[in-house]
1. Does residue 326 satisfy the condition of being touching a helix residue (DSSP H, G or I) at 6+ places or on another chain (Cβ under 8 Å), surrounded by 17 or more Cβ atoms within 10 Å (Cβ to Cβ), outside the structural domain of residue 130 (by TED's automatic domain parsing) and farther than 22 Å from residue 420 by Cβ?
2. Name the residue that is surrounded by the most Cβ atoms within 10 Å (Cβ to Cβ), counting only residues in the stretch 436-458 that are within 12 Å of residue 358 (Cβ to Cβ) and more than 29 Å from the chain's Cα centre (by Cα).
3. Look through the stretch 53-92, keep the residues that are surrounded by fewer than 24 Cβ atoms within 10 Å (Cβ to Cβ) and hydroxyl-bearing (Ser, Thr, Tyr), and return whichever of them is modelled with the lowest pLDDT.
4. Among the candidates 317, 308, 243, which residue alone is modelled with pLDDT under 80 and under 24 Å from the mean Cα position of the chain (by Cα)?
5. Show the residue pairs meeting these rules: Cβ distance below 7 Å; 6+ apart or different chains; first residue within the stretch 160-174 and assigned to a helix (DSSP H, G or I); second residue hydroxyl-bearing (Ser, Thr, Tyr).
6. Taking the stated definitions as given, is residue 347 within 16 Å of the chain's Cα centre (by Cα) and in a helix (DSSP H, G or I)?
Amino acid sequence: MHKIAIFNNRWIFFAAAMPGILLTLMDEFGIHQAIPVITENFNATIPESQWIALGYLLSTGALLMPAGRLADRIGYKRLYFYGLLIFMAGALLSGFAPSLLSLIIFKVLQGVAAAMIQATTIPIIISKFTNDRGKALGAFGFLMALSAIFGPVIGGGIVTLLSWRAFMFLSVPLAFISIVLAWFLLNIFDQDSTFVGEIKDKFDWVGVMLSTGSLLLLLLTLSKANDFGWGSYFSIGGFIITGLLLVSFIIWESKFEFPLLPLHLFLNGTFLTGQIGMFLVVLGNSCIFFLLPFYIQDLKGYEAFISGLVIAGLPLGFLVTGPTIGVLSDRYPNGWKIFLPFGLTISAISMLLLSILSTDSSIWLAFIYCFMMGFGIGFIFMPAQNAIYGIINQKDQGVVTGFINMVRNSSTLTSIAVGTAIVTSVMASQGYPASLDAVREGTIAGIYNSFLEGMTTTFLIGFCVIALGVLITVVSYFLARRSKPKNRQIA
């Protein structure tokens, strides 16, 4: 079946492809606002209710690469469309969920759909922007940043004014609109994949099982390590088994003729440097989103709304630079070699400034530092991704997109888990309960100062992580200048 697009304008095509991923991000950012209400509604505990968001995150993160590779075979637009259908069904079921367990299961289903959508959106978009890919990626990043700002606001508003079920149901009409746009404007049954119509190679099911198993176990271990203890049998066993699965995955991928993730990509300096830069900045700064609200709300005494405004400085900073740098990365294809270390430097400085916050600091200083962080990130992601998509083969765009998003999700969770462990360890070393719940209660004298010391220590370590990224990208730049490799596409 072949649909004829109503419009040929590529920006209309872009607009038709974006609602799906914005919908998944709105749901991801907004669900946290509903968890306290859901907990009360089902007479559950917060740890039990957290599986709503955790199940969504685990299923999305673990399936991004398999979804991307599947899209490389059957078509990006086709898998995107199927993902929208599943996401809408999951939203409808979530709204009618009769129990907490059923709600968790339905959110896992939505997480599967989110992986299908997130792994395919960029390949769909850049197919129409072959010569100015950075412009499209900049616009993509702009809308992603807006969703990060308004997702929690929309989620919190609907939960407060209506109910948590209303928030779940909101995704149904939005997904339906996305489906209609995709059906009429994207030509979803076009053969937009290298393999469509001539799938002769074997699908790497072993690679899928090994990668999914290792990522699922890693994310689960990281998310629960603070509850069980980092030295517990659960945590140590989880990390050991994850390592064994990862080694097995690498060995299998190096031998299989049609691997899930082509390992030769990591031999390319552009691909490797771009991935390292994006990984380290997310690993270093994601703890901000979790720890800074405790500082603003509990230590400084402001409402959650003000806390959200302060942290919104980060996506606002990205809005200033991301789209512009995306366009410049088209004009200067090798500009990423300058943009990347510059953006990492700005981001590192902002983490250093956050590490010197005190009880007397103005919260607007925190806003400025978050804005600086976002400003720096705009120099990192757009040119790095543009450079990576410029050197990979078209048949690998889906799995590479999935890999980029998987690394982002994994490093975010790692940053939050490790940051929480550092803060609670500092608190425990000073004789306070090793729990952030004690900070929220605020009934123990001196606990705020102990938390602040742990938070600033975490931010200082984050500075070191991002500074390592600066060093790696600068060294990579000078090594590349000495060797002067030819910029060619990876086969």
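1. Working: touching a helix residue (DSSP H, G or I) at 6+ places or on another chain (Cβ under 8 Å): yes; surrounded by 17 or more Cβ atoms within 10 Å (Cβ to Cβ): yes; outside the structural domain of residue 130 (by TED's automatic domain parsing): yes; farther than 22 Å from residue 420 by Cβ: yes.
Here the answer is yes, as residue 326 does meet what is asked.
2. 448
3. Here the answer is 59.
4. None of the other options fit; the residue is 308.
5. Close Cβ pairs (under 7 Å, with a partner that is hydroxyl-bearing (Ser, Thr, Tyr)) amount to 168/94.
6. Numbers: within 16 Å of the chain's Cα centre (by Cα): no; in a helix (DSSP H, G or I): yes.
Taking the combined requirement at face value, the residue does not satisfy it.
Table: residues versus (1) touching a His at 6+ places or on another chain (Cβ under 8 Å); (2) crowded, with 23+ Cβ neighbours inside 10 Å; (3) at pLDDT 80 or above; (4) not in a helix (DSSP H, G or I).
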residue	(1), (2), (3), (4)
116	no, yes, yes, no
122	no, yes, yes, no
130	no, no, no, yes
139	no, no, yes, no
143	no, no, yes, no
149	no, no, no, no
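Every residue, every condition in (1) outside the structural domain of residue 455 (by TED's automatic domain parsing); (2) buried (at least 24 other Cβ atoms within 10 Å of the Cβ); (3) touching a Phe, Trp or Tyr at 6+ places or on another chain (Cβ under 7 Å); (4) under 29 Å from residue 456 (Cβ atoms), yes or no:
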| site | (1), (2), (3), (4) |
| --- | --- |
| 332 | no, no, no, no |
| 352 | no, no, yes, yes |
| 361 | no, no, no, yes |
| 373 | no, yes, no, yes |
| 377 | no, yes, yes, yes |
| 383 | no, yes, yes, no |
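The values are calculated or read from the model by the stated rules, or taken from the named source; none is laboratory data. Nothing here was measured: the structure is a model prediction, and the numbers come from that model. In this analysis, Cβ positions are derived from the backbone assuming ideal geometry, glycine residues included, and neighbour counts consider all displayed protein chains.
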